[in-house]
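First the structure, in the form of structure tokens, and then the observations on it.
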Amino acid sequence: MRVNSGRLAGVLLVLSSTVIPATSSAQASPATTQLAPLRATRLSTPPVIDGALDDEAWTGEALPTDKWLSYNPLHGDSIPQQTSVWVGYDNDALYFAFRCDDPEPSRIKTSITRRDNIWSDDWVGLSLDALGTGQVSYHLLVNPSGIQLDMLNTPAGGEDTSPDWVWNSAGRITDTGYAVEIRLPLQTIRFKGGSDVQMGILFWRRVSRIGVSVSWPALEPGKWVFQKHTKIAFADIAARPTREVIPSATFSRDQLRATPSDWSAADNDGDVGVSVKWGLSSTVTLDATVNPDFSQVESDAFQVEVNQRFPIFFSEKRPFFMEGAGLFNMAGNGQGDASMLYAVHTRKIVDPIFGAKLTGSAGRVTFGSLTAIDQAPGRTETELDPLHGREKLFQVARAQMSLKAGSFAGAMATITELAGRTNLTGGADLNLNFKGSNRVNGFVIGSNTTGGEDSGSGIGLQANYGFSTRRVNLQTQVEHYDRGFVMDTAFLNRVGLTSGWGYVDYSFYPDKDRHPWIRRITPFTFVQTGRDRIQGGDDYTAVTGVRLSLTRQGFVRADRVLTQEAWQRGEYQGDQWRAWGNMQVFRWLRPSFFYARGSSLYYDEVDPFVGPSATMRGGGLIQIGGRFSEDIEYSHNTFDRPATGARVYTVNLINTRTTYQFTKELAIRAIVRYDSQQDRVLTDFLGSYDLRPGTVVYIGYGSLYQKRAFRNQEWFDGEGDFLTTQQGLFLKASYLYRF
């Protein structure tokens, strides 16, 4: 069985993002002007990266970045906090310094936490288009304690926090605010050297307590960094191709409980592997890995898995696949309620024994290829399995041509081969920004499959249009997939489908003096309709609601969802009311909630029916003393039969994550998760030392508690007491060597 919390629980989350929205409604639209290029200073002595702006490098005039304006939750507001920026460079690295003044420095929010976990803190940073093509940007953010957050930004993939680059940062609180320093090695970024190198750059800053993000240059409605980068010039700078090797060693010890009093023999497994990154030129890089360590140090969170029509999505966390992942997205992937979330979802590659990637750029063309040999094609590991011992080949080729900043035309081809079955796909995509606030993107892909039960061919396509102004945000999409369309590399929910949807919202901006807690009120509506040719019926969805953007990074949303869903040659209607929200109430507390109640479809293949369902979630992030954090969520899910009121299921989930960060590098973490549907408790304890990406030491212990009874030499799940049924020890060490 899989608990339906409504298949549309995630619809509009992309459309209503409040972190760094590319198409958010606006407070004001500053006139677009062509800014004079900035010029970085060549340094004779590199600064010490300690967060103190007392180095000779920062004694000159700051860059002329005078008007920092808000882009989230409103556009065009100014704030009392002033920011000064310096940029320098030498033969080894780029250097950035930020002086972040604040009239109330005692209210600055910061923490010593793990990497990429500073969204709720104050932070400052930059977006750097090192190639100057308007297609790839490095986003580097740092909180006042020097903790890093890095993202790779592409027009097709958006912001991806998966990659972790090698760079240095430090920060410290001062009497007038805080200061941050950054050292970005030239080996970390891809650019073309020369006597006059021009990159694109944008700076931004977040003030946590008022929940406002500002940038320079200003981000206007419907525009994102690629359309707003200003030029920064570097004289006589030479690129340094990346050359690095990461050897790794792992050891695991796993045991299963044989009887209530005895454990089976331990399964000890030790392994070594190596990954290599080799810059063939300043803009072309080859990545290769042999016998890679793909252990999941961050285990997947429990999700409600009862009565789900479509597969549950788990994000990629393995380092080799995370690097450059945005390049392999097709334009429009993952927008709204699209059936195809990713054209290349690398978790389809389960256990590769070899992998290689070639990524780079030549002029206006960005390209990449991925090859992997998977020794675990996804079925049971027994000799009775016809795929036992077989290997699956994955090959992906991708190219994009820059049309202008943020716009491209591209092509992709994929091949998979396993046991005589071959799946071949090829297609093209387009992402186009025009006349300021208009956006068009889409793709068309053809597939051909031979040698298997699903042999055949088909076409898949998707097209999107979006438009944003200060008041109005409009988006629409159409998609079509033939019955015979197959794409092994994709995360694709269903085929045999033709559908379309439209979304529109309109924003009001209350007077801040009369309503200081409410920054924006946005009523919205979403309508989708389609034909499911496999299930033999029509789909329909209508969502109407309102979003409130509040101070203290607050967000509240309420809506009503009406649905008709085709399933097993029938059409079933549903109706749900939903509400959710969160807010940084105090510097140490961010609570959140979600509530949904109504009727939805129970996906029984023999006797489906619509019945009353409810989902309630509550939790919060607690951060005490800047080093301790507790992230906890409780979820209660129910489904009843409509005629008798009998309970079909009740599922309770509890997820807790407790972390103590001794230093930026050294931490301990404990995860405890309870799932009532499967009567299990998972515990996961980890000690970690992360000196820098690639140089790490992990020591972990995990166990699984299940409700089981033992009778006549046989286990019976769901009976008796909870006891430990599995336990394991995990050790890992790796070292990054650059030369």
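Kindly check whether there is at least one residue in the stretch 616-624 that is at pLDDT 95 or above, out of contact with any Leu (no Cβ under 9 Å at 6 or more places or on another chain) and buried (at least 18 other Cβ atoms within 10 Å of the Cβ).
Checked the stretch 616-624: at least one residue is at pLDDT 95 or above, out of contact with any Leu (no Cβ under 9 Å at 6 or more places or on another chain) and buried (at least 18 other Cβ atoms within 10 Å of the Cβ).
Could you list, in sequence order, the residues of the stretch 236-256 that are in a strand (DSSP E or B) and either in contact with a helix residue (DSSP H, G or I) (Cβ under 7 Å, 6 or more places away or on another chain) or more than 18 Å from residue 684 (Cβ to Cβ) (or both)?
We begin by selecting, within the stretch 236-256, every residue in a strand (DSSP E or B); these are 236-237, 243-256.
Result: 236, 237, 243, 244, 245, 246, 247, 248, 249.
Kindly indicate whether any position in the stretch 171-189 is more than 22 Å from residue 50 (Cα to Cα), of a type outside the set (Asp, Glu) and surrounded by fewer than 19 Cβ atoms within 10 Å (Cβ to Cβ).
There is no residue in the stretch 171-189 that is more than 22 Å from residue 50 (Cα to Cα), of a type outside the set (Asp, Glu) and surrounded by fewer than 19 Cβ atoms within 10 Å (Cβ to Cβ).
Among the candidates 124, 166, single out the residue that is assigned to a loop (DSSP other than H, G, I, E, B) and not assigned by TED's automatic domain parsing to the domain that holds residue 432.
Details: 124 fails: assigned to a loop (DSSP other than H, G, I, E, B).
When all the criteria are applied, what remains is 166.
Please go through the stretch 591-609 and pick out each residue that is at pLDDT below 95 and either within 17 Å of residue 114 (Cα to Cα) or touching a Ser or Thr at 6+ places or on another chain (Cβ under 6 Å) (or both).
Scanning the stretch 591-609 gives a single hit, 600.
What are the residues in the stretch 98-111 that are part of a strand (DSSP E or B) and buried (at least 22 other Cβ atoms within 10 Å of the Cβ), if any?
Let us first name the residues in the stretch 98-111 that are part of a strand (DSSP E or B), namely 98-101.
Across the stretch 98-111, the qualifying residues are 98, 100.
Collect the residues in the stretch 448-471 that are assigned to a strand (DSSP E or B) and in contact with a Pro (Cβ under 6 Å, 6 or more places away or on another chain), keeping them in residue-number order. Write out each step before concluding.
Start the filter on the stretch 448-471 by keeping residues that are assigned to a strand (DSSP E or B), which leaves 448-450, 456-468.
The one that is assigned to a strand (DSSP E or B) and in contact with a Pro (Cβ under 6 Å, 6 or more places away or on another chain): 468.
Kindly establish whether residue 450 is under 23 Å from residue 328 (Cα atoms), touching a Ser or Thr at 6+ places or on another chain (Cβ under 9 Å) and not small (Gly, Ala, Ser).
Spelling it out, it is not the case that residue 450 is under 23 Å from residue 328 (Cα atoms), touching a Ser or Thr at 6+ places or on another chain (Cβ under 9 Å) and not small (Gly, Ala, Ser).
Go through the stretch 513-547 and give me each residue that's within 30 Å of residue 212 (Cα to Cα) and crowded, with 17+ Cβ neighbours inside 10 Å. Spell out the reasoning first.
Initial filter on the stretch 513-547 (within 30 Å of residue 212 (Cα to Cα)): 513-526, 543-547.
Result: 518, 519, 520, 522, 524, 526, 543, 545, 547.
I'd like to verify a number: residues in the stretch 92-144 that are closer than 24 Å to residue 60 by Cβ and of a type in the set (S, T, N, Q), how many?
1
How about the stretch 472-504: which of its residues are part of a strand (DSSP E or B) and polar (S, T, N, Q)?
Taking the stretch 472-504 and keeping what is part of a strand (DSSP E or B), we get 472-481, 491-492, 497-504.
473, 475, 476, 477, 498, 499 - these are the residues of the stretch 472-504 that are part of a strand (DSSP E or B) and polar (S, T, N, Q).
Consider the stretch 548-560. How many of its residues are surrounded by fewer than 20 Cβ atoms within 10 Å (Cβ to Cβ) and at positive phi?
1
Only residues that are crowded, with 23+ Cβ neighbours inside 10 Å, within 15 Å of residue 205 (Cβ to Cβ) and touching a helix residue (DSSP H, G or I) at 6+ places or on another chain (Cβ under 9 Å): list them for the stretch 118-142, please.
Once the filter is applied, which keeps residues that are crowded, with 23+ Cβ neighbours inside 10 Å, within 15 Å of residue 205 (Cβ to Cβ) and touching a helix residue (DSSP H, G or I) at 6+ places or on another chain (Cβ under 9 Å), the stretch 118-142 yields 121, 122, 123, 127.
Only one of 691, 666 is closer than 30 Å to residue 244 by Cα, modelled with pLDDT of 95 or more and either β-branched (Val, Ile, Thr) or not assigned by TED's automatic domain parsing to the domain that holds residue 109 (or both); which? Even if it seems obvious, please write down each step before you answer.
On the way: 691 fails: modelled with pLDDT of 95 or more.
One residue alone meets the criteria, 666.
With the requirement that a residue be buried (at least 16 other Cβ atoms within 10 Å of the Cβ) and either modelled with pLDDT under 95 or not aromatic (Phe, Trp, Tyr) (or both), what does the stretch 232-246 give you? Talk me through it step by step, then tell me what you get.
Residues of the stretch 232-246 that are buried (at least 16 other Cβ atoms within 10 Å of the Cβ), as a first pass: 232, 234, 237, 239-242, 244, 246.
Result: 232, 237, 239, 240, 241, 242, 244, 246.
The values are calculated or read from the model by the stated rules, or taken from the named source; none is laboratory data. Given the structure is predicted, the values throughout are model-derived calculations rather than measurements. Neighbour counts run over all protein chains shown; Cβ positions are idealised from the backbone, glycine included.
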